[in-house]
1. Which GluC sites (Glu not before Pro) in the chain pass both tests, a DSSP loop state and at most 12 other beta-carbon atoms within 10 Å?
2. Once you keep just the Cα pairs under 8 angstrom separated by 6 or more residues, what percentage relative contact order results for segment 3-55?
3. By how many nm would the segment from Thr15 to Leu50 lengthen if fully extended, with 0.36 nm per residue of separation less the alpha-carbon distance?
4. In nm, to one decimal, how far is the Ala78 label point from the Gln38 one, both placed 7 Å along Cα→Cβ?
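Taken together, the values in this text are just the output of simple stated rules run on the coordinates, not laboratory data. Treat the numbers as computed from the prediction; the structure is a model and nothing was measured. Neighbour counts are summed over all protein chains in view; Cβ atoms, including those assigned to glycine, are modelled from backbone coordinates with ideal geometry.
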Amino acid sequence: MAELVPDYFSAGWRTRALACPCGWEGDSRGMAMELHDQVTDYACPQCGNLLLIVTHPTLAQVRQAAAEGQAEAIEQLAIVEEARRHFPSGAEGRDG
């Protein structure tokens, strides 16, 4: 069964080692990644078994993490705010 990471900004999920029943071991950086609207799936590169599901952050979560000083969130928020300035009607995204 795949591990769910409900908080994108939680520490360590990218580097935490996972083991697949097929024998492969590694972290998300070595897995096959598939991007979806609300989540990103990470699968074993050897057999394709789904090992990790990471929920994409809402804009509110990005803002909160940025306010807490999380560097990646600060960068993401700057990108979102720049997009909103250039495309005010089309850059709302998930604002929840």
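1. Working: sites: Glu3, Glu25, Glu34, Glu68, Glu72, Glu75, Glu81, Glu82, Glu92; in loops: Glu68, Glu92.
Hits after loop and neighbour filter: Glu68, Glu92.
2. Values: 87 pairs, mean separation 19.7, N = 53.
Dividing the mean separation by the residue count of segment 3-55 yields 37 percent.
3. On the way: separation 35, 0.36 × 35 = 12.60 nm, distance 1.66 nm.
So the chain would gain 10.9 nm between Thr15 and Leu50.
4. 3.1
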